[in-house]
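The values are calculated or read from the model by the stated rules, or taken from the named source; none is laboratory data. The model shown is predicted, which means the values in this text are computed figures rather than measured ones. Cβ placement follows ideal geometry from the backbone for every residue including glycine, while neighbour counts extend to all protein chains displayed.
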Amino acid sequence: MTGFADERQMAGFKDFYQFSAPTRVIAGRDLLASAGFEFAKEGARRVLLVSDAVIRATGLVDRVAEGVTDGGLELAAIFDAVPQDSDGAVVAQIAALARETGADSFLALGGGSVMDSAKVANLLFTHGGSAREWEGYYGLPRADDGAGRALELAPLACIPTTAGTGSEVSFAAVIKDREAHVKYQIGDFALIPRLAILDPAATLTLPPALAASTGMDAMTHAIEGYVSRDWNAHADAYALHALALIHANLERAVHSPADESARGNMLIAASLAIVPTTSGALGIAHSLSHPCGALYDVPHGVANAINLPGTIEYNAAGGDDIAARYRDLAELLGLESAGEVGQTLADHIRGLVVSLGLPTRLSQVGVTEAGIPALVEGAMGDACTLVNPRVPTAEDLAELYRRAL
Ligand SMILES: [Fe+2]
């Protein structure tokens, strides 16, 4: 008889994997006031604070700005106009503002779009060019010392106001090309933020619907990270603990927004759950969801919440070894699985999505049957498809979209 995750632990030693999680994370209460004190340790002196209008209206921007100057740093400027999906024009604007105001560092206060905007603005600020020119992975200029590391960008600190994307510790940024209706990624070591400040006070004004959708994004990272073809032992440690935290805290964080422990634990969970993706571990829930965002403006977490259960059923039916990975997760979630583990886990997640008040069908968020061919094209070409545990055909993905309609 084997115990929890034994098959994974007894698997053969891998030929290769890489793992990187270098961000200094500080987590706790009353940290917004120490933003400047902490960011000074990373070499920041004159800070450009990047945020959006919704967060500005909550008063959080002013609190953090005060924390910056209280810590002895100068505030070069505040940019509070990041849109819901970051794009090339806005990151160019932020980079130009940083130059004009003599900033030497970036502090992002917001969700994924704000943090990704600050990452790419920092890239343009340091190396010039336009965002689209930097599309892809590991394309940043290397140092000449032969170490193979990307040249350092200006110090970047992130204070996430949602618990989901994990961008505060990740090496990638997602940018929308509004003309081409695609979202593309830029990923490299140098984009990884130096400092992440996880304080539940930054998420207390987050509405339940957003806490739910971003939390489902984190859950999707943890699950896809664990079952991915590119799994590794370091990443497993992060994925499993993230899932345990999400299981214990997500519903409370959504239904009781004032619950600081639940909100704080979800921030930690999200920052853990993204780490496996930094070594490439994701899957087709993300492949299916990216085109939903690019073509139908479906929020990323909502798309994942809808697509995740079907992909679990599909993957788990792809072989005993894949089903075994899902059995680990079902066991961690305390699920009894008399029949197919994929079905059991998928049903559990469908129930969770309903209890969180999120949509469960793509037709509820504007996707139509006529749009499926274009969605499939996007999903087949998505990098996440390559690391999915089961290799899908275009028809498989079309069927997953149809069943989720
Ligand atoms: Fe995601």
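Pairs are defined by a Cβ separation below 9 Å, a sequence spacing of at least 6 or placement on different chains, a first member in region 256-275 that is farther than 16 Å from His221 by Cα and at pLDDT below 95, and a second member that is assigned to a helix (DSSP H, G or I) and among the aliphatic types (A, V, I, L, M); the pairs so defined are Pro257/Ala211.
The set of residues in region 351-365 that are assigned to a loop (DSSP other than H, G, I, E, B), closer than 19 Å to Cys292 by Cα and not hydroxyl-bearing (Ser, Thr, Tyr) comprises Leu358, Pro359, Arg361. Residue check: is Thr344 of a type in the set (S, T, N, Q), within 16 Å of the ligand (Cβ to nearest atom) and crowded, with 18+ Cβ neighbours inside 10 Å? So Thr344 does not fit the description; no.
Report whether or not Arg263 is within 20 Å of Leu358 (Cβ to Cβ), away from the ligand (no atom under 16 Å from the Cβ) and among the basic types (Lys, Arg). Yes, satisfied. When Ala98, Ala92 are checked against the criterion of being part of a helix (DSSP H, G or I) and surrounded by fewer than 22 Cβ atoms within 10 Å (Cβ to Cβ), Ala92 stands alone in meeting it. Residues of region 279-316 that are touching a Gly at 6+ places or on another chain (Cβ under 6 Å) and either among the β-branched types (Val, Ile, Thr) or away from the ligand (no atom under 11 Å from the Cβ) (or both): Ala281, Pro291, Tyr296, Ile312, Glu313, Ala316.
Each row is one residue, and each column tells you yes or no for (1) of a type in the set (A, V, I, L, M); (2) outside the structural domain of Ala270 (by TED's automatic domain parsing); (3) in contact with a helix residue (DSSP H, G or I) (Cβ under 6 Å, 6 or more places away or on another chain); (4) touching a residue at least 40 places away in the same chain (Cβ under 8 Å).
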| residue | (1), (2), (3), (4) |
| --- | --- |
| Ala147 | yes, yes, no, no |
| Leu153 | yes, yes, yes, no |
| Thr162 | no, yes, yes, yes |
| Phe171 | no, yes, yes, yes |
| Ile186 | yes, yes, yes, yes |
| Thr220 | no, no, yes, yes |
| Arg229 | no, no, no, yes |
| Asn232 | no, no, no, yes |
| Leu240 | yes, no, no, yes |
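If the condition is being within 23 Å of the chain's Cα centre (by Cα) and in a helix (DSSP H, G or I), then region 380-405 contributes Met380, Ala383, Cys384, Thr385, Leu386, Leu397, Leu400, Tyr401, Ala404.
Residues that are of a type in the set (A, V, I, L, M) and within 16 Å of the ligand (Cβ to nearest atom) within region 215-260 comprise Met216, Ala218, Met219, Ala222, Ile223, Val227, Ala235, Ala239, Ala242, Leu243, Ile246, Leu250, listed in sequence order. Just one of the numbered conditions (1) at pLDDT 95 or above; (2) closer than 23 Å to Leu243 by Cα; (3) crowded, with 19+ Cβ neighbours inside 10 Å is not true of Leu362: (2).
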